[in-house]
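Chemist: Right, I'll just put the structure down here and ask away after.
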Amino acid sequence: MQIRRLTYFDYRKLKKLVSYLCTDDNDKLAKSITEEPAGFINAMLPLSMKFKSESFILVEGKEILGLITVVTTAGNPRKINITRLIFKENLYDAGKQLVDFVVQKYGSKGALSFTVTIDECHDELFNLFINGCGFRQCASETLWKIEKPTPVKSELRWRYAQNSDSKQVAELYNSELINMYKPSLQRYDKEFQEVFFKGLTDVYKMRYVIEDEKNILAYFSITTSDNLNYILDMTINSGYEIDYNKIINIMLCEIAGKKRAFYPIIKQKKYVKNAEKFEEFLKSQGYNPIQTQQILVKDFYKPIKEESANWKVFILGENQVTQN
């Protein structure tokens with residue numbers, strides 16, 4: 001067995017692997033995965049400059065046993081997201097090998113944390129990451145579908161977010177996190193900025209803000225990877241009363257101005273202060289919860305230089321661990 005980078009020439013083998021997923025678009029899925037990597041150039045770039053996802057496969061002979069796809073977080077390349085993991089039924093160890101491989105590979109390049117978001121119904125994947133690979137359960141998000149979107153223009157004053165807003169947006173986002181989630185989920189200024197290779201990334205994202213004379217009161221975004229399904233996300237200062245419906249309508253109008261047919265999906269972050277209030281609103285509007293996702297995190301710590309024969313120092317708080 002060996003793990004190597006996925007190439008376009010693996011298409012036929014990959015099509016055979018994904019065939020057991022029993023979807024109507026296996027051929028389309030296989031093609032989209034093999035076309036994702038940007039090739040040699042992206043592979044050679046350091047973490048700070050990578051702009052596309054990368055996929056790796058576990059191969060035995062001429063057969064692909066599993067695949068994993070990872071992508072750096074925009075604005076924070078030391079945070080790695082595992083976006084896809086596929087392995088043949090009952091090949092639990094194949095999945096574990098792939099996860100361990102990317103943790104070691106990207107950890108050696110400077111990555112500090114790894115995140116994966118999985119459907120809470122996928123018990124096998126949940127056990128793989130928690131029990132097999134040392135990830136920990138961090139938080140959860142629920143996706144709500146708007147069945148029949150009817151965009152209505154809102155009188156709320158808003159504008160497109162600029163890179164110069166990123167410091168205030170980061171402060172707003174981090175202030176709205178429930179305290180117990182802050183160590184794992186807080187974000188940096190650059191994570192709210194436009195990426196340099198915007199046209200080459202895997203997703204398209206539009207950002208907006210609502211402000212008073214001095215402060216940003218709300219930040220919201222629209223994200224899509226297929227120009228059909230659109231994720232609507234918002235962070236609102238919990239000290240202000242801002243109508244959720246009006247913000248949602250702003251986003252619906254923005255999408256409708258570019259697409260006639262689309263599927264809007266609202267993200268409810270369970271780790272922010274207004275999560276329960278927002279859930280009550282979503283229920284009152286008749287929106288349907290279609291998926292709850294668990295966010296799992298693994299922090300990657302490397303031993304630093306050994307100072308003596310009796311001590312080994314780890315980057316884990318300020319404690320030193322003796323060797324027996």
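The values are calculated or read from the model by the stated rules, or taken from the named source; none is laboratory data. As the structure is a prediction and not an experimental result, all values here were calculated from the model. A quick note on method: Cβ atoms are made from the backbone with ideal geometry, for glycine too, and the neighbour counts reach across all protein chains shown.
Chemist: Somewhere in the range 77-97, is a residue under 26 Å from Ser48 (Cβ atoms) and of a type in the set (Gly, Ala, Ser)? Write out each step before concluding.
Modeler: From the range 77-97, those under 26 Å from Ser48 (Cβ atoms) are 77-85; that's our starting set.
Still in the list and also of a type in the set (Gly, Ala, Ser): none.
Scanning the range 77-97, I find no residue that is under 26 Å from Ser48 (Cβ atoms) and of a type in the set (Gly, Ala, Ser), so the answer is no.
Chemist: Moving on to the next point. Where residues in the range 153-166 are surrounded by 15 or more Cβ atoms within 10 Å (Cβ to Cβ) and closer than 22 Å to Arg187 by Cα, which of them is nearest to the chain's Cα centre (by Cα)?
Modeler: Looking at residues that are surrounded by 15 or more Cβ atoms within 10 Å (Cβ to Cβ) and closer than 22 Å to Arg187 by Cα, I get Ser166.
Chemist: A further question on this structure: If the requirement is being surrounded by 13 or more Cβ atoms within 10 Å (Cβ to Cβ), more than 18 Å from Asn245 (Cα to Cα), modelled with pLDDT of 95 or more and aliphatic (A, V, I, L, M), which of these qualifies: Leu143, Leu177?
Modeler: When all the criteria are applied, what remains is Leu177.
Chemist: Which of the residues that make up the range 220-241 are outside any loop (DSSP other than H, G, I, E, B) and within 18 Å of the chain's Cα centre (by Cα)?
Modeler: Matches in the range 220-241: Phe220, Ser221, Ile222, Thr223, Thr224, Asn229, Tyr230, Ile231, Leu232, Asp233, Met234, Thr235.
Chemist: Further, regarding this structure: Assess whether Phe101 counts as being surrounded by fewer than 17 Cβ atoms within 10 Å (Cβ to Cβ), assigned to a helix (DSSP H, G or I), aromatic (Phe, Trp, Tyr) and outside the structural domain of Asp189 (by TED's automatic domain parsing).
Modeler: On the way: surrounded by fewer than 17 Cβ atoms within 10 Å (Cβ to Cβ): yes; assigned to a helix (DSSP H, G or I): yes; aromatic (Phe, Trp, Tyr): yes; outside the structural domain of Asp189 (by TED's automatic domain parsing): yes.
Yes; evaluated as a whole, the condition is true for this residue.
Chemist: Right, something else. Identify, please: which residue in the range 290-304 is closer than 16 Å to Leu112 by Cβ and within 16 Å of the chain's Cα centre (by Cα) and is, among those, modelled with the lowest pLDDT? If you could, list the steps in order and put the result at the bottom.
Modeler: First pass over the range 290-304, keeping only residues closer than 16 Å to Leu112 by Cβ: 296-304.
Remaining after also requiring within 16 Å of the chain's Cα centre (by Cα): 296-299.
Working: Leu296: 96, Val297: 95, Lys298: 94, Asp299: 86.
Restricting to residues being closer than 16 Å to Leu112 by Cβ and within 16 Å of the chain's Cα centre (by Cα), the top hit is Asp299.
Chemist: Out of (1) closer than 19 Å to Glu279 by Cβ; (2) touching a Gly at 6+ places or on another chain (Cβ under 6 Å), the odd one out for Leu128 is which?
Modeler: It is condition (1) that Leu128 fails.
Chemist: Also, I was wondering about something else. Which residues, taken from the range 230-239, are modelled with pLDDT of 95 or more and over 18 Å from Arg187 (Cα atoms)?
Modeler: Across the range 230-239, the qualifying residues are Tyr230, Ile231, Leu232.
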